[in-house]
Each structure stands twice: as structure tokens, then as C-alpha cells.
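What follows is a short report on a single structure.
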Amino acid sequence: SLILNRQPTVWQQYKWEIVASISLMVLETLLIGFLLTSRARQKRAEVEGERLALLAVAEHDHLEEVVSNVPGIIWESRVQLGTTKRRTDFINNQVEKMLGYTKEEWLAAPGFWLSIMPEEDRHEAAATSDRVLATGTPDTVQFRWRTKDGRLLWVEEHLEAIRDASGQLIGIRGVTMNISDRKIAEEAKRESEAQLSGIIGSAMDAVISIDSDQRVV
């Protein structure tokens, strides 16, 4: 038998439209899946970022608490980009307890640490600081600082260099301790020894000291 004027099937009539529609639906499904996956990853990243931020804040607060209990001024000074000048970018609250100056006053003025120092102490203090930055070798220096209320304090500064990830010297950090009491004690000891030496030196009689073995010392 011979069939004339056969009617085309739906597939034969709309094959390419069906293929295009299915392809579009598959593409949209993949795109939606990708977007959902990306959103989930972003959400996880946001949660992890918040967790790390809270951890960083907690660590910073803990560090601030530890640093604030150190009986000395802890500070960091870094070389400004493109120059050879240094600027203090961190100092703990002990500066106000020891010297009376606020952290804001200290950080706002470059070279503030030298400006409150007697002229005769500045050369050695600056030279020691420059040497640590140039060589990377830790060092110690003693000098005087004038407090906000006008008193002079003897301090001892322990310095070490700051390096970046490549090992380049980029600044210095230090711990500055108040040694005024020690200086007063040392001066009193020197005066006492000088006084004793003067008394012995001016004595009209011989002064002899012997040890436990009866040897003249």
C-alpha cells in the first residue's frame, strides 16, 4: 500500500525547536546550579571571614592587654615609603603613664621622641637608632626624657630591627624602661664611695683591711 500526504509527527515538525528548548533548559539548570554553588561558597567565605575577623579582634585585644601590662613603653617605627625618614606607627598606653603624653600626641609628630630629649642626649640616641636600622644588630642606649609636667626621667631603650618578608630592613622596634631609680641609686653609691675615699684619704692614721685569712687586702 502507498500512503499519500502523510502528516509529519511532532518530532519531525518541531525537532530543532525541541532540541533548542531542551538545550536551553539544560544550560539554565547548569547556570542556576553554578549560581547556587557560588552563593554557597560566598556564604561560607563570609562566615569564615567573620570568624577570622572576630579571632583577629580577640587576638588584638589580648595583645593589647599583654602589652599594656609591660612596665615599659613598647613602640615601632618604620621607614616611610620613598624616603629615609622614620615615623612611629605604634606605641602602647604606657607612654601616658610614664611620661604624661597621649598616644595621639606621640604619633602625630615625627621625631617626637627626640624633641622631648635634652640636647646633649640626642646625638647618641639618634646614632644608636640609625645603627640598628643600618646593620640589623640589636643595641641598647640610655638617655633622658622630659615628661609633660617638666620632670627628667632616665630611660634605657632596647632596640631591634624590623624586617619584611624578604629580609629587608624596614624599621625598628623598642622597649623603653624607666631606670631613674637605678640611676639615683648608682649616683648615691658613687657619691658614697667618693666620700668614703675622701675620708680615708685624709685620715692621719693608717687604714688597713684584712681578709679572713689575715691577709692585708
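Annotations
- Residues of region 172-183 classified as assigned to a strand (DSSP E or B) and not small (Gly, Ala, Ser), total: 6
- Spans of helices (runs of 4 or more DSSP H) in region 62-171 with at least 3 residues within 27 Å of Arg182 (Cα to Cα): 94-99, 112-115, 119-135
- Residue list for region 154-177, restricted to those being among the hydroxyl-bearing types (Ser, Thr, Tyr) and buried (at least 17 other Cβ atoms within 10 Å of the Cβ): Thr176
- Meets criteria (of a type in the set (Asp, Glu), surrounded by 10 or more Cβ atoms within 10 Å (Cβ to Cβ) and more than 31 Å from the chain's Cα centre (by Cα)) for Glu46: no
- The residues of region 125-149 that are over 21 Å from Arg78 (Cβ atoms) and surrounded by 13 or more Cβ atoms within 10 Å (Cβ to Cβ), listed by number, are Gln142, Phe143, Arg144, Trp145, Arg146, Thr147.
Values in this text are rule-based calculations from the coordinates and carry no lab data. Here the structure is a predicted model, which is why all the values come from computation and not from measurement. As a convention, Cβ positions derive from the backbone with ideal geometry for all residues, glycine included, and neighbour counts pool all protein chains shown.
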